[in-house]
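Written below as structure tokens is the structure these notes are about.
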Amino acid sequence: MLAEKQALIRQEVEEGTGAAICLEEDRSGVQTAIRLWFADLERSHSPIVTLRPTGLRRFEAKLAFGNFAADTIRQMQQASAEELQLARALVASVASSANLKIANGQTTDDWIIDNGSFTIIAEKRGIESRFDDDSVAETCRELVIPVLAAMAELYGYDPIEESAPSDQEALTEGAVKLTVVRRRERNPRNRLLCLRIHGAVCKICSLIPGKLYGDAGAIIEVHHLQPLSLSGDPRPYDPATDLIPLCPNCHRAVHTRRPVPWTPAELRSKLSSD
Ligand SMILES: [Zn+2]
Ligand SMILES: [Zn+2]
């Protein structure tokens, strides 16, 4: 039963979204479903994802809003262009393995939350054995987490502790840009998107930490490719292409050049030259 996997589901979803989650069973259908929403909102004020088995080897995750979510939606509509872009990229990443329907025929490229009847429905078929830990975790990762992570991004959950720059650092534009890059690299939603697109493999040395260290291998890091150009405006940031996974060693190594890190190609050439 899905209901017996609530602890597992909570852990997976909180890790992926960077937000605290509440869960409850929904017994209104033929099969018990699980409803998930943000713990610091009342359910009726929150985006809610209902994960439901809809047939043999088939799951549906439906995002909808609670009946009193108007203020929440207003806040989400204030999201920055960058937050909206990451949210769209997260939702779009679901489409590679599931059937995706967005309210009013909106597309993955340009959807907006227009009102309280906004929905996203993702359906995935062919899940092997529905209620073992692995398939439940996979279902969460494929259907629930990207959609809720997108909502968390729009709502503005910021699990990243900001260390205030020192007075001296605060004076330079370079320091400001470094802070932006650091935030992007440490945002769990960016990490989620990056790993969904590229896999958990180092793009420089090809190390797969999960293979080497087993279940202690979740150490892959996210690197922001766009160099900090110190002159002129950088091009617009695209989370889907500007983030790559690196192992902790390679990540440390690229950042040994400051302020503009070594590029992956430059570091790779050093690797192969010895
Ligand atoms: Zn590496
Ligand atoms: Zn980096």
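Data overview
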quantity	calculated
Projected label distance in nm at ARG74 and VAL260, using a 7 Å step from Cα toward the beta-carbon	4.6
5 angstrom amide H check on ALA39, placed H, neighbours 5+ away	ALA20, ILE21, CYS22
Extension reserve of the THR108-THR179 stretch, reckoned as 0.36 nm per residue once the Cα distance is removed	22.6 nm
Accessible heavy-atom area order of CYS247, CYS205, highest first, probe of 1.4 Å	CYS205, CYS247
Isotropic mean projected area of the C-alpha convex hull, the range 170-273 (nm²)	7.2
The chain, helix-only ellipticity at 222 nm - DSSP H runs n ≥ 4, -39,500 (n - 2.57), divided by all residues, nearest 500	-10500 deg cm²/dmol
Net +/- balance of residues flanking ILE121 in space, Cβ distance below 10 Å, scoring K and R +1, D and E -1	0
Convex hull (Cα only) mean projected area of the range 2-155, reported in nm² to one decimal	8.2
Whole-number Å³ per residue for the convex hull built on Cα positions in the chain	150
26 Å Cα cut-off, lysine pairs counted over the chain (separation 8 or more, or different chains)	10
Global form of the range 1-47, assessed from the alpha-carbon gyration tensor, a/c cut-off 1.5	oblate
Candidate residues ASP238, ASP133, ASP109: accessible-area rank, largest first, probe 1.4 Å	ASP109, ASP133, ASP238
Accessible area (Å², per residue) of the chain, counting only protein heavy atoms and a probe of 1.4 Å	52
Integer Hz, Karplus 6.51/-1.76/1.60 couplings in order for the range 53-66, x for Gly and Pro	x, 10, x, 5, 6, 8, 10, 10, 10, 10, 9, 8, 10, x
Separation of alpha-carbon centers, the range 69-83 and the range 7-30, rounded to whole Å	22
Excluding exposed DSSP-loop GluC sites (Glu not before Pro) (at most 12 other C-beta within 10 Å), longest clean stretch of the chain	1-127
Unmatched cysteines, the chain - criterion: no other Cβ of a Cys under 4.7 angstrom	CYS22, CYS140, CYS194, CYS205, CYS250
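The values are calculated or read from the model by the stated rules, or taken from the named source; none is laboratory data. Since the structure is predicted, the reported quantities are computational estimates derived from the model, not experimental observations. Quick reminder, even Gly has a Cβ in these numbers, built from the backbone with ideal geometry, and neighbours come from all protein chains shown. With ligands, DNA and RNA removed, areas are computed over all heavy atoms of the protein, side chains included. Shrake-Rupley method; radii C 1.70, N 1.55, O 1.52, S 1.80 Å.
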